[in-house]
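J.: Here it is, the structure in full.
The values are calculated or read from the model by the stated rules, or taken from the named source; none is laboratory data. What you are looking at is a predicted structure, and each value in this text was computed from that prediction instead of being measured. All Cβ positions, glycine included, derive from the backbone under ideal geometry; neighbour counts span all protein chains shown.
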Amino acid sequence: MKNRHAKTLIENWAESTDPLKHVFEDISLATFLILLWSQDRDKATRFVDVGCGNGVLVYLLITEGYEGYGFDARRRKSWDTFPSHVQDKLHEKILIPHFLCSSYTGEHIHDGNFGEGVFLISNHADELTPWTPILAALTSDSGFLAIPCCEHDFSGVKSGGGVMKPSSSTEGVHGRYAMYCAWIGEISRSMGWTVEREMLRIPSTRNVGIVGRKIDCQKDKEKALQIIQELGGHNGVNGFIDRALGLKDKVQRGH
């Protein structure tokens, strides 16, 4: 993977961030996903990268022959460096999940309906991280990979890692990041996922991969809303929508 992609990506880097770090990280993640999917050959390997950022992971997976797309609240300079067939799979959209409110529609809004057989990816997706296992359970049984970073709660506010209520799953867990990862795991299990964890070999200290590949049953909207309320969802629904719409307005003003 490095031999095939690293040189081109680094030479064409258009962001202000360190290309070596980000290219290596996304090549590592793409390799991990391809190996993970190879273990489940009976499942579809279409993907959606939620909060795709620079779009490199989407580029790598499409170039390697996988079908999927990514979206982010803000378009990145790097998107213009990719071939047109990859650019067509990168969308500037905010997420307002359909089960929260169906009245918000439009070109720049994704309703969280991903379709059957889609594997969700959220790599350091901040506000979208806790929603990932819920959306994966409601719209597809193919699974998800969430790599938590900053500790955002359901409303999109940084929680400092303290959003999770004490439970048996937090016994012996110390530190904000560890608590946050435990909380994401608790959400996943509550939605019916069998939770797997992997310490990813990427150049980041936020390198816990939370994977769901098996689910006991798909839950409905009411169950999802119940979980949001029970697992630290203070003002989660309205707060998230308000912050998402505010971000959309901010991005559009920036254009």
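J.: For the stretch 25-80, how many residues meet the condition of being within 17 Å of the chain's Cα centre (by Cα), small (G, A, S) and closer than 26 Å to M199 by Cβ?
T.: The number of residues fulfilling the criteria is 7.
J.: What residue, of R197, R206, R213, R201, is at pLDDT 95 or above and basic (K, R)?
T.: So the residue among R197, R206, R213, R201 that is at pLDDT 95 or above and basic (K, R) is R197.
J.: Please state which one of S167, S142 is over 24 Å from F32 (Cα atoms), out of contact with any Ser or Thr (no Cβ under 6 Å at 6 or more places or on another chain), at pLDDT below 90 and polar (S, T, N, Q).
T.: S167
J.: What are the residue pairs meeting all of these: first residue in the stretch 78-93, first residue surrounded by 20 or more Cβ atoms within 10 Å (Cβ to Cβ), second residue of a type in the set (G, A, S) and outside any loop (DSSP other than H, G, I, E, B), Cβ atoms under 9 Å, and 6 or more apart or on different chains?
T.: K89/G68; K89/G70; L90/G70
J.: Given the structure, is S122 modelled with pLDDT under 95, buried (at least 20 other Cβ atoms within 10 Å of the Cβ), farther than 16 Å from I241 by Cβ and not acidic (D, E)?
T.: no
J.: Across the stretch 141-160, which residue is nearest to Y177 (Cα to Cα) among those that are surrounded by 23 or more Cβ atoms within 10 Å (Cβ to Cβ) and out of contact with any helix residue (DSSP H, G or I) (no Cβ under 6 Å at 6 or more places or on another chain)?
T.: I147
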